[in-house]
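This report concerns only the one structure given below.
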Amino acid sequence: MEEKSGMVYEKECYQIRGALYEVYKVLGTGFAEEVYQEALEKEFTMRHISFESQKVLRIAYKEEWLSKVYKADLVCYDKIILELKAVKALLPEHEAQLLNYLKATKLKLGFLVNFCHYPKADIRTYAN
């Protein structure tokens, strides 16, 4: 994840993390994933963080598109995937989901966020 000048997308990551922590601070734990996503979208808008919600990710096989598509919860700045969860604990399949999204899109960075973790949100960063 390191480049010559430091972390990948350092400024953008700082802004995203600030919004994630604000949503967690206001809502706490216990809501459904969709509630956190909507609140995060509102927070991103207030902070002027560009994002696309439920972005369709297409998968290519030998240079042909497959009919199966996936939807990333959020893609920020057209380059950072956010996969949101509201579960008791993150599992290996949650990590695999984000890593597959990164592989499919060839994007460099993703966040896996669990809002139902106490005493603070579980925010994990993955580089492709």
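The values are calculated or read from the model by the stated rules, or taken from the named source; none is laboratory data. These numbers come from a predicted model, not from an experiment. Cβ coordinates were reconstructed from backbone atoms using ideal geometry, including for glycine residues, and neighbour counts include every protein chain displayed.
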Qualifying residues in region 51-67 (those that are touching a helix residue (DSSP H, G or I) at 6+ places or on another chain (Cβ under 8 Å) and at pLDDT 95 or above) - the one nearest to E12 (Cα to Cα): F51
Single unsatisfied condition, K11 versus (1) closer than 24 Å to K108 by Cβ; (2) surrounded by 15 or more Cβ atoms within 10 Å (Cβ to Cβ): (2)
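Report yes if some residue within region 40-49 is touching a residue at least 60 places away in the same chain (Cβ under 8 Å) and either of a type outside the set (K, R) or exposed (fewer than 11 other Cβ atoms within 10 Å of the Cβ) (or both); otherwise report no.
We begin by selecting, within region 40-49, every residue touching a residue at least 60 places away in the same chain (Cβ under 8 Å); these are none.
No.
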Residue that is farthest from A121 (Cα to Cα) [pool: residues in region 52-64 that are without any contact (Cβ under 8 Å) to a residue 40 or more places away in the chain and touching a Lys or Arg at 6+ places or on another chain (Cβ under 7 Å)]: V56
Every pair of residues 6+ apart whose Cβ atoms lie under 8 Å, when the first sits in region 65-77 and is farther than 17 Å from V113 by Cα while the second is not in a strand (DSSP E or B): Y70/N100; Y70/Y101; Y70/A104; Y77/Y9; Y77/E12; Y77/I49; Y77/S50
Enumeration of residues in region 90-128 that are buried (at least 16 other Cβ atoms within 10 Å of the Cβ), under 14 Å from the mean Cα position of the chain (by Cα) and touching a residue at least 60 places away in the same chain (Cβ under 8 Å): K108, L109, F111, V113, F115, A121, I123, T125
